[in-house]
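Some notes on the structure that comes next.
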Amino acid sequence: MLLLHMNEGSHFIWYNYVVCGQPKLNTRIVGGQVAPVGSWPWQVSLQRFGSHFCGGSLINSQWVLTAAHCFQTITASGLTVNLGRQSLQGSNPNAVSRTVTQIIKHPNYNSGTNDNDVCLLRLSSPVTFNNYISPVCLAASDSIFYSGVNSWVTGWGNIGEGVSLPSPQNLMEVEVPVVGNRQCNCDYGVGSITDNMICAGLSAGGKDSCQGDSGGPMVSKQSGRWIQAGVVSFGEGCARPNLPGVYARVSQYQTWIRTQISSNQPGFMAFTSTGTDSDLSHKQKLYHGPVVPHIYILC
């Protein structure tokens, strides 16, 4: 059942009224810090034959959202989804695992451009929510993320280019601001960043997602709930200046996700931004197109 709930004070709209985005233990990567236990209860580790290869996020009791590029060659054989983990090594008393019965990559995923880099995993059986395992809210289709919006990225990926997460490989968290698509397109080359992507990072570099974080969530907080804005997709190196991380824009996939999940729909919440989007006034150099004369691209 689709339920709408509007709150004029905090300006949010519920599209499916479910419990999501509210970690019971939350008190408040490259350049990041160890995440407190239970802070990000939707974070999952995708493992093949016991080895971590990508992250993901729990979006209801039986489905996980991740990146399509994590499954270009990997099948369900030997695949497990690990939930409630703090570290990849040692004791994890709150951890549970499930196998995967269905892998659904977005039909328009393009491995060359990284467009539509999203994938859904169906767990072998539902999980029970507790302090360490609970779903994240998803950004609804009418969400607006202005440049500068604070976001958090979590994962067990490298802590630098070619630098693995040290033992015991604790879950890491890093705070990065959203970078507008105009700016991000100039950083990567005009046409590289589509409307299906969202970027985040510091112009000076130093904080970013990295190899091994792929598929994991980028979230922002509003009205006391954490809303997933992005799925870790790609970047040029890790935490380099003027090269923010690029994420699949979750709000573009509300219809597709709801179509794939027939029951127990995830919670979608519209994220709103206030003030003026600084990306709209981003100053760009004029570029004279080398192929088609008289066509100019602002960058």
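Taken together, the values in this text are just the output of simple stated rules run on the coordinates, not laboratory data. Everything numeric here is computed off the predicted structure, so don't read it as measured data. Please note: Cβ atoms are built from the backbone with ideal geometry, for glycine as well, and neighbour counts cover all protein chains shown.
Numbers for the structure displayed
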quantity	calculated
Gain in span if fully extended, ALA95 to THR75, counting 0.36 nm per residue against the direct Cα distance	4.9 nm
In sequence order, calculated HN-Hα J values of the range 184-201 (Karplus, 6.51, -1.76, 1.60; Hz; x Gly/Pro)	5, 5, 5, 5, 9, x, 3, x, 6, 9, 9, 5, 8, 10, 9, 10, 7, x
Sequence of MET218, MET269 once ranked by neighbouring C-beta atoms within 10 Å, starting from the fewest	MET269, MET218
Percent of Cα-Cα distances greater than 24 Å, calculated over the range 48-182	37
Neighbour-count order for PHE271, PHE129, fewest beta carbons within 10 angstrom listed first	PHE129, PHE271
Approximate shape of the range 33-276 as ellipsoid semi-axes (Cα gyration tensor, √5λ), whole Å, largest first	25, 20, 18
Cβ charges +1 (Lys, Arg) and -1 (Asp, Glu), total dipole of the range 160-269, debye	360
For the range 213-256, radius of gyration divided by Kirkwood radius, i.e. Rg to Rh on alpha-carbons	1.04
Filtered GluC sites (Glu not before Pro), the range 113-219: DSSP coil and at most 13 other beta carbons within 10 Å	GLU161
Cβ charges +1 (Lys, Arg) and -1 (Asp, Glu), total dipole of the range 33-276, debye	520
Ranking of TYR146, TYR247 by count of other Cβ atoms within 10 Å, fewest first	TYR146, TYR247
